[in-house]
Each structure stands twice: as structure tokens, then as C-alpha cells.
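**Q** Sharing a structure with you now.
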Amino acid sequence: MSVIDTLTGEFARLPGVGPKTALRLVHHLMKGKKDDTRRLARAMVELADRVRSCDVCGNFSEDALCEICSNPRRDQGILCVVEEAYEVGAIERTGQFRGLFHVLGGRLSPLDGIGPDELHMDSLLARIRDVEGRVREVIVATNSSVEGEATAVYLEQEIRPLGPTVTRLARGIPVGSDLEYVDGTTIAQALAGRREM
Amino acid sequence: MRLSGLAIRHFRNLGSQELELPSEGVALIGDNAQGKSNFLEAIYYLETLRSFRGARDQELISFEEGVFRVAGTMQPTDASVRSEVVAAAFERRGKRKKVTVDGAEPVRMGDALGHLAAVVFSPADIDLVSGGPSERRRFIDIVLSLNQPGYMSALQGYRKVLVRRNASLKTGQPGAVVQAWDKGLVTAGAVVMGARRDWVQGRGGAFGDYYRRVSNGEGARMAYRPNVSLEGATSGEDICAAFQEALSASSERERRMGTTVVGPHRDDILLRLEDADDELDLRTYGSGGQRRTAALALRLVEAQTIRDTRSQRPLILLDDVFAELDEGRSERVLELMEAEETGQVVLTAPKEADVRLRRDSLPRWRIESGKIST
């Protein structure tokens, strides 16, 4: 197999990339500067060699502890639980959250054979137990899909007896959108979760 | 609403035809196996986006063709309102369905449902009465999905959670993992049960009335029999609580069976004859004629629901339904249909003499080997 074929095959395995797009990417790299391609390759090698998951929270990290877990200024009393590590970034970009994270690595999905044992749930419960009462609140930020909801319910059952308040991200009308374009289920949820002004 | 135009391409044996439908409707006459029911199936496809005969989409494509398409022009009764074109197509190769309303794909397929406001009466309707509970659940699910906002999404949500909960049970997950699905199941299930109960209670009188009129005095009743007892439950919260309680009480049994054993997926609608002394289940004790009458009454109630909730006179599709009723009953059904606020009628019959509804006013079309001549 030629180098081009090999690389095309590798690209085609990436999410959202089909054989045609893969070939286009390869052609683009061949036409571009060799240095650019080498830089890309080096970045990928470093990604493989140096990026790992944080020992504590499961977030992407280059050290045993991620930047968030090793930052003494973060509030150790609030944990935000997300399904995937890339969701940490989404919440971090808001700049509104000063607590710590915990990455589950998925959600309850019995149709794919994923139960609590396949997720980082034990480590979450251990984290809460180990600091004896210092975790005041756990924010469950799993997705609002059927699986995400069940995961949230399960976490709530397990965490509440340990002491912390368990909260769930609010669901409702996206900011800046018109009511008339929002689907009925979302409006119903927003109605149920309305707040006094 | 009336159907003013229909364009068919490669649907079953109907080939490619473009037809203009008269405002009063049409009687389609032809021998057996010429495509009469296929024609009604094509029309009703625009209402539910699937076959009323339970066929899979790929079976609807003509042999040796790759895609079928049906497009209907709907003309609101109010002539000043613009007409609307609903089109549905299915491609064999990609197993892809494409639905458009006035040329635009709706955000969700569900948004395109129910544009026709039609009811089909078919000889197979007797299964609604004779068949198992799933037949009656399917019936009420379609009626409510088309006529009650929020019902379909609750039903779909319920089914989604149910499969996952069952998978947890089947793989022997611990109780806490199974229970994690309860909240979702209960929330969606309560909406489904509440809507079913309200519909059956609200329409029970009409069912009895239609049955009595067709059978000339005999009584029958329709009652919701939820799998979870709703006694004393009035509000949505009450229903949720009742369902949750039933789930918790059955945890040992469901563990043993490996599946969720309580919930609206096991509901039924009881159809009973009112006798002098007791009530007899039509499913077990009804004669052929009585069951057919009950099935007709259910369809008439469906038409009434469309009239009330969508403020439209429904398009009535009759697939050779009088063939199996006795003379008296069919006379009375006809009277009833004439008297009720029905809109356009499309009926099929093997012979000219079988066209009894609007005998003098319905234009006649003929069908032979799928080819319709107007």
C-alpha cells in the first residue's frame, strides 16, 4: 500500500470524514509546504505521547493532574460532572464556573452494554467520600438525552446519601432565540422550570 | 380539507398517474386485485406517512423501480386559504424517506403528519376488535398522535426509555441502575396514559351512540383498561405516582422476567356488549357482524375526533366496507355517514351496484391493472 493510500485510510477513520474528504485532505497536504505537514505530524505525535487523562477528574491533561485540578484557586467544594472530557472545555469557556470537574467517560447506555462499571462513577464517589463533607454541591451536567437523564438520576441516588447537594443544569429556551421557533418539549421543560423574577 | 389533486409515481401497481379529484369525492370501481385498495393506501400515506395496511415502505415501490412518490394537493374548505402540497417519497436503495410540505422539508417528520385529516374504513378493521390489545393500542396511538399535540413525542420518549430499561433488566443490572430509568419512563408514560384515558372517557358516549345506531338499538361500551390502575388519580402527578408505585411493586417480577412488566405498553381498550344482565367482551363473544359494527363505530369516533380537534370535515376513505355487513346495518351506516359532517368521500367497490353512499352524486372512476380511467 502506498503512503498516500495509508494516510487516506487513516484520515477516513476519523469522525465525519469519508473517503473523498480523506483524499482531499491528503492532496491538500501534498500541495502545501512540507514544514506545515511536519508540524502537523509532530503535533499529532505529541498528542499521542503527552496527553493523558487527569488522575483525579479524567479531563485531558499533560501531567498527572490537570490544570484545573492543580489550581489552588478553584473551589474544591463544587464538582461538575460531565459525560466527555471535551465538554469540560465548553463549560470552562463560559468563565462562570470556578469549581472542579469530573469526567464520566460516557453515560448509562444499556443498549451498548454500558453500565455504571464502565463509567468513572466509583472514582467520583470515592472523591466525594475522601474529603469528608468538603464537597458541598455536585452539578450533574450530563446531556438532556434519554441516557443522560437516566445517568443523572442514577448519580443523584448514589451521591445524595454522601451529603452534597445534587443539582442539575437548567433546561429551556436557548439565549437569543425566538419562542416561536423552539420545539414544544423544550418549552414545556422551560415552563416547568420557570423562576420568579 | 379536501384533496383536489393526486400525483402518484411507482406506487404499488398504480404506475404513474396524475389525477384531479372532484370536490364531493369519487367511487372507484374495479375487479379484485386491480389496485383499488392501493389507491386508498396511496392517499392515506399522506396522512400518516406509512401504509395503513402495515406494509413496509419498500414494499410500496413498484417492482423494478427504485423510488415511489405520492403528492397530494390539499384544498382547505375556505377557498380564500391557499392550497397546500404534501409529498412523500421513499427510495429503495438508501431506504430514505423524504417528505415535503409545500416543497420544504419539515424540521421533524412528525410535523408533516395529519395534513390530510382523513379516516380509512377497511375490512381489516375487524382486527381492532378481534385482535389482541396491541391492535387497539396502535389505533388509539395513531388517533392521538394525529390529534393531540405532545402525544406523539411522549409516546416516542416512552418507547425509547422502555427499550433501555428493558436492556438493563435483561443484562441483570443492579436495582439502582434499572431504577435510573424510572423517572423518564414515568414522566412520559403518565402523559400517554392520561391522554388515552381522557380520550376513551370523552368519546365513550359517542362510541355507544354510533354502535346503537348502526346495530339498531343494541348497546356497546368502550372502556380504557390501563395496565396500571388509575383509580383515584386525577392530575398528571397522581398518574405519575400511581405508575411509580406499580413499578416499585413489580421490581421482583420484572427482574425475574427480564423486562418491564407494568406500564402503558400493556394497556387495552375494552369493547363490550351491553346485555340485559351483564357485559360481554366483544372480542370473545361478539358475532362477526357485531365486531364489524364495533370497528365501524371506532372509525366513526376517529372521524368525530378529527372534526372536533382540527375543525375540519374529514376525508372519508371507504375500502369496500359494506361487503360484509348485513343489509340493515349497511343501510344504517350509510345513513349515519350521510348525516354526519363528512367531507369528501373516496370509496372503492367491485361493482357499480355496490356504490351506495351518495349514489347519485359521486362520480365513477374505473380501475384496471392499476390504471385509473376517469
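**Q** Name the residues in the range A:120-130 that are part of a helix (DSSP H, G or I) and within 14 Å of another protein chain (Cβ to nearest Cβ), would you?
**A** Residues satisfying the conditions are A:Asp122, A:Leu125.
**Q** May I ask you to list the residues in the range A:59-91 that are in contact with a Cys (Cβ under 9 Å, 6 or more places away or on another chain) and touching a residue at least 60 places away in the same chain (Cβ under 8 Å)?
**A** Listed by number, the list holds a single entry, A:Leu79.
**Q** Applying the selection to the range B:143-158, what residues are without any contact (Cβ under 8 Å) to a residue 24 or more places away in the chain and more than 7 Å from chain A (Cβ to nearest Cβ)?
**A** Result: B:Gln156, single match.
**Q** Which one of the conditions (1) of a type in the set (Gly, Ala, Ser); (2) part of a helix (DSSP H, G or I); (3) within 24 Å of A:Asp130 (Cβ to Cβ) does A:Gly58 fail to meet, given that it meets all the rest?
**A** A:Gly58 satisfies all of (1) of a type in the set (Gly, Ala, Ser); (2) part of a helix (DSSP H, G or I); (3) within 24 Å of A:Asp130 (Cβ to Cβ) except (2).
**Q** Looking at this structure, is B:Glu91 open to solvent by less than 20 Å² (accessible area, probe 1.4 Å), without any contact (Cβ under 8 Å) to a residue 40 or more places away in the chain, farther than 28 Å from B:Met193 by Cβ and of a type outside the set (A, V, I, L, M)?
**A** No; evaluated as a whole, the condition is false for this residue.
**Q** Mind checking which residues of the range A:156-168 are more than 13 Å from chain B (Cβ to nearest Cβ) and surrounded by 14 or more Cβ atoms within 10 Å (Cβ to Cβ)?
**A** Scanning the range A:156-168 gives A:Leu162, A:Gly163, A:Pro164, A:Val166, A:Thr167.
**Q** Let me ask you something else. Mind checking which residues of the range B:281-316 are in contact with a strand residue (DSSP E or B) (Cβ under 6 Å, 6 or more places away or on another chain) and among the β-branched types (Val, Ile, Thr)?
**A** B:Ile316
**Q** May I ask you to verify whether B:Pro133 is surrounded by fewer than 18 Cβ atoms within 10 Å (Cβ to Cβ), within 26 Å of B:Glu340 (Cα to Cα) and assigned by TED's automatic domain parsing to the domain that holds B:Ala188?
**A** It is false that B:Pro133 is surrounded by fewer than 18 Cβ atoms within 10 Å (Cβ to Cβ), within 26 Å of B:Glu340 (Cα to Cα) and assigned by TED's automatic domain parsing to the domain that holds B:Ala188.
**Q** Given B:Phe39, B:Phe52, B:Phe63, which one is part of a helix (DSSP H, G or I) and of a type outside the set (Gly, Ala, Ser)?
**A** Selected residue: B:Phe39, the only one of B:Phe39, B:Phe52, B:Phe63 that is part of a helix (DSSP H, G or I) and of a type outside the set (Gly, Ala, Ser).
**Q** In the range A:175-190, which residue that is closer than 15 Å to A:Asn143 by Cβ and either among the hydroxyl-bearing types (Ser, Thr, Tyr) or part of a loop (DSSP other than H, G, I, E, B) (or both) is farthest from the other protein chains (Cβ to nearest Cβ)?
**A** Step by step, filter the range A:175-190, then rank; the result is A:Thr186.
**Q** Can you say whether A:Glu137 is more than 17 Å from A:Glu83 (Cβ to Cβ), in contact with a strand residue (DSSP E or B) (Cβ under 7 Å, 6 or more places away or on another chain) and open to solvent by 20 Å² or more (accessible area, probe 1.4 Å), as far as the supplied structure shows?
**A** Yes.
**Q** Now for a different question. Scan the range A:136-155 and report the pairs whose first residue is under 17 Å from B:Leu185 (Cβ atoms) and within 11 Å of another protein chain (Cβ to nearest Cβ) and whose second residue is in a helix (DSSP H, G or I) and aliphatic (A, V, I, L, M), with Cβ atoms within less than 6 Å and a gap of 6+ or a chain change.
**A** A:Val146/B:Val161
**Q** Cβ contacts < 8 Å: first residue under 17 Å from B:Gln179 (Cβ atoms) and at the interface with chain B (Cβ under 9 Å from one of its Cβ atoms), restricted to the range A:93-119; second residue of a type in the set (Ser, Thr, Tyr) and in a loop (DSSP other than H, G, I, E, B), any location; separation 6+ or different chain. Result?
**A** Here the result reads A:Pro110/B:Thr171; A:Gly115/B:Thr171, each pair linking the range A:93-119 to a residue that is of a type in the set (Ser, Thr, Tyr) and in a loop (DSSP other than H, G, I, E, B).
**Q** Only strands (runs of 3 or more DSSP E) wholly contained in the range B:237-344 count here; list those with 2 or more residues that are outside the structural domain of B:Val191 (by TED's automatic domain parsing) and open to solvent by less than 10 Å² (accessible area, probe 1.4 Å).
**A** In the range B:237-344, B:315-319 are the strands (runs of 3 or more DSSP E) which contain 2 or more residues that are outside the structural domain of B:Val191 (by TED's automatic domain parsing) and open to solvent by less than 10 Å² (accessible area, probe 1.4 Å).
The values are calculated or read from the model by the stated rules, or taken from the named source; none is laboratory data. All figures in this text were calculated on a predicted structure; none of them were measured in a lab. All Cβ positions, even for glycine, are placed from backbone atoms using ideal geometry, and neighbour counts span all protein chains on display. The protein model used for the area step is the full one, side chains on, heavy atoms only, and it has no ligands, DNA or RNA in it. Shrake-Rupley method; radii C 1.70, N 1.55, O 1.52, S 1.80 Å.
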